[in-house]
Amino acid sequence: MYARTVSATAAALLGVTALLLPGSATQAAAPATPAWSNDGPAVIAHRGASAYAPENTLAAIDLADRMGFAWVENDVQRTKDGELVVVHDDSLARTTNVEQLFPGRSPWKIKDFTAAEIATLDAGSWFGSDFAGARVPTLKQYVNRVERNHQKLLLEIKKPELYPGIEKDTLRVLGREGWLNRHHVKHKLVIQSFGADSVKAVHAQRPDITTGFLGTPAVADLPKYAAFTDQINPTHTSLTADYVAAVHKLKGAHGKQLKVNTWTVNTTAAAVRVHDFGVDGIITNNPDVVRDAVGR
Ligand code: G3P
Ligand code: CA
């Protein structure tokens, strides 16, 4: 297990660095764009430290914290009764024991289960017996744990086309849990999605929030995206140095340089490659590998 090999010194240094990350503000009613590093790419634990703990569980963000990583990424979807939960797939089958507990409910879509039903599921045993009993977190539980850990959140609205109005629901939960005050918006929160309309909706409803678009739009289309987002977040296999440079030439929705966070970078070679391109953030299941590769 990774945790035994973590350098406490490196972890402490990373924490200090995170506290010093700069913010900025240019738009009326927009106090700042959130913290992003100017001294090398941020390392973002994808679904938590998901190479070492079951993805999108509290255990995965706790482990990322113990490894010294400030930023975690997650995936938000909505239950049948309107609760927001943190799961990647739109079905519960791969990452829980839903097939055992609810055998007649194929294909086990999140939108067909109540929050109470989902709360009974084991979201850890599929990954390893050490994690038996881990639960599917609600977004409320998740952000409260991120807060307790003094971490920061790259929140993905997953498959927004399945959940009309999920942007408003997400902002409601974040607001109730204290995540939309000036401090959180400035330093601790980015909301991203593969759905351009979803990113636009977040930007329209809360223009102060930093947003990211997941994908690799054509260079000619980047100015249109820059009108409503602050980050272009492409898969690393699609990335080139020229593309990063083209993004960086533009200013995003808050008047600051448009940023690039790339995913899912899990090897030293891939991390070195995208670091050389000058990306701003690297989203990874193996944050220790990336940290070692890019010298953070
Ligand atoms: O944050 C980027 C990445 O999570 C997007 O892909 O499928 O892992 O949610 P996916
Ligand atoms: Ca994701």
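The values are calculated or read from the model by the stated rules, or taken from the named source; none is laboratory data. Just so it is clear, the model here is predicted, and its values are computed rather than measured. In this analysis, Cβ positions are derived from the backbone assuming ideal geometry, glycine residues included, and neighbour counts consider all displayed protein chains.
Conditions (1) aliphatic (A, V, I, L, M); (2) surrounded by 22 or more Cβ atoms within 10 Å (Cβ to Cβ), marked per residue:
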{"residue": "Asp81", "(1), (2)": "no, no"}
{"residue": "Val85", "(1), (2)": "yes, yes"}
{"residue": "Asn97", "(1), (2)": "no, no"}
{"residue": "Leu101", "(1), (2)": "yes, no"}
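For the structure I just gave you, tell me whether Asp208 is at pLDDT 95 or above and in a helix (DSSP H, G or I). Write out each step before concluding.
On the way: at pLDDT 95 or above: yes; in a helix (DSSP H, G or I): no.
No: the conditions fail for Asp208.
Out of the residues in the range 159-186 that are over 24 Å from Val98 (Cβ atoms) and touching a residue at least 60 places away in the same chain (Cβ under 8 Å), which is farthest from ligand 1 (Cβ to nearest atom)?
Residue satisfying both the conditions and the ranking: Arg182.
Just checking, does the range 216-225 include any residue being under 19 Å from Gly281 (Cβ atoms), outside any helix (DSSP H, G or I) and within 15 Å of ligand 2 (Cβ to nearest atom)?
Within the range 216-225 (the criterion being under 19 Å from Gly281 (Cβ atoms), outside any helix (DSSP H, G or I) and within 15 Å of ligand 2 (Cβ to nearest atom)), the answer is no, since none of the residues qualifies.
Tell me which residues, restricted to the range 257-296, are under 25 Å from Ser193 (Cβ atoms) and assigned to a loop (DSSP other than H, G, I, E, B).
Result: Leu258, Thr264, Val265, Asn266, Gly278, Val279, Asp280, Asn285, Asn286.
Confirm whether Gly255 is closer than 28 Å to Ala51 by Cα and of a type in the set (Gly, Ala, Ser).
So Gly255 fails the test.
So is Leu189 crowded, with 19+ Cβ neighbours inside 10 Å, within 16 Å of ligand 2 (Cβ to nearest atom) and in contact (Cβ under 8 Å) with a residue 12 or more places away in the chain or not?
yes
Based on what the data block shows, is Phe102 hydrophobic (A, V, I, L, M, F, W, C) and within 27 Å of Pro234 (Cα to Cα)? Steps first, answer last, please.
Values: hydrophobic (A, V, I, L, M, F, W, C): yes; within 27 Å of Pro234 (Cα to Cα): no.
Answer is no for this residue.
Does the range 74-105 hold any residues that are assigned to a loop (DSSP other than H, G, I, E, B), more than 18 Å from Ala53 (Cα to Cα) and not hydroxyl-bearing (Ser, Thr, Tyr), and which are they?
Of everything in the range 74-105, those that are assigned to a loop (DSSP other than H, G, I, E, B), more than 18 Å from Ala53 (Cα to Cα) and not hydroxyl-bearing (Ser, Thr, Tyr) turn out to be Lys80, Asp81, Gly82, Glu83, Asp90, Phe102, Pro103, Gly104, Arg105.
Does the range 226-238 hold any residues that are under 19 Å from the mean Cα position of the chain (by Cα) and not β-branched (Val, Ile, Thr), and which are they?
Correct list: Phe228, Asp230, Gln231, Asn233, Pro234, His236.
Anything in the range 203-213 that is under 15 Å from Ala226 (Cβ atoms) and touching a residue at least 40 places away in the same chain (Cβ under 8 Å)? List them, or say none. Talk me through it step by step, then tell me what you get.
First, the residues of the range 203-213 that are under 15 Å from Ala226 (Cβ atoms): 203, 207, 210-213.
Within the range 203-213, His203, Pro207, Thr210, Thr211, Gly212 meet the criteria.
Can you name the residue in the range 108-158 that is outside any helix (DSSP H, G or I) and of a type in the set (D, E, K, R) and is also nearest to ligand 2 (Cβ to nearest atom) among such residues?
Glu156
Hey, can you tell me all the residues within the range 226-254 that are charged (D, E, K, R) and in a strand (DSSP E or B)?
If we filter the range 226-254 for residues that are charged (D, E, K, R), which is where we start, we get 230, 242, 249, 251.
Listed by number, the list holds a single entry, Lys251.
Looking only at residues in the range 27-61 that are of a type outside the set (Asp, Glu), out of contact with any Lys or Arg (no Cβ under 8 Å at 6 or more places or on another chain) and at pLDDT below 95, which one is farthest from Trp126 (Cα to Cα)?
Looking at residues that are of a type outside the set (Asp, Glu), out of contact with any Lys or Arg (no Cβ under 8 Å at 6 or more places or on another chain) and at pLDDT below 95, I get Ala28.
Given the conditions (1) under 24 Å from Ala123 (Cα atoms); (2) of a type outside the set (Gly, Ala, Ser); (3) surrounded by fewer than 20 Cβ atoms within 10 Å (Cβ to Cβ); (4) within 16 Å of ligand 1 (Cβ to nearest atom), report the number of the one that Glu156 does not fulfil.
Of everything listed in (1) under 24 Å from Ala123 (Cα atoms); (2) of a type outside the set (Gly, Ala, Ser); (3) surrounded by fewer than 20 Cβ atoms within 10 Å (Cβ to Cβ); (4) within 16 Å of ligand 1 (Cβ to nearest atom), Glu156 misses just condition (3).
Any chance you could count how many residues in the range 206-230 are out of contact with any His (no Cβ under 8 Å at 6 or more places or on another chain) and farther than 14 Å from Leu155 by Cβ?
Total satisfying the criteria: 15.
Please enumerate the residues belonging to the range 192-205 that are buried (at least 21 other Cβ atoms within 10 Å of the Cβ) and assigned to a helix (DSSP H, G or I).
Ser198, Val199, Ala201, Val202, His203 - these are the residues of the range 192-205 that are buried (at least 21 other Cβ atoms within 10 Å of the Cβ) and assigned to a helix (DSSP H, G or I).
Collect the residues in the range 261-279 that are more than 16 Å from ligand 2 (Cβ to nearest atom) and buried (at least 22 other Cβ atoms within 10 Å of the Cβ), keeping them in residue-number order.
Ala271, Val274, Val279, listed by residue number.
Please enumerate the residues belonging to the range 269-284 that are within 16 Å of ligand 1 (Cβ to nearest atom) and in contact (Cβ under 8 Å) with a residue 24 or more places away in the chain. Spell out the reasoning first.
Residues of the range 269-284 that are within 16 Å of ligand 1 (Cβ to nearest atom), as a first pass: 270-271, 274, 279-284.
Across the range 269-284, the qualifying residues are Ala270, Val274, Val279, Asp280, Gly281, Ile282, Ile283, Thr284.
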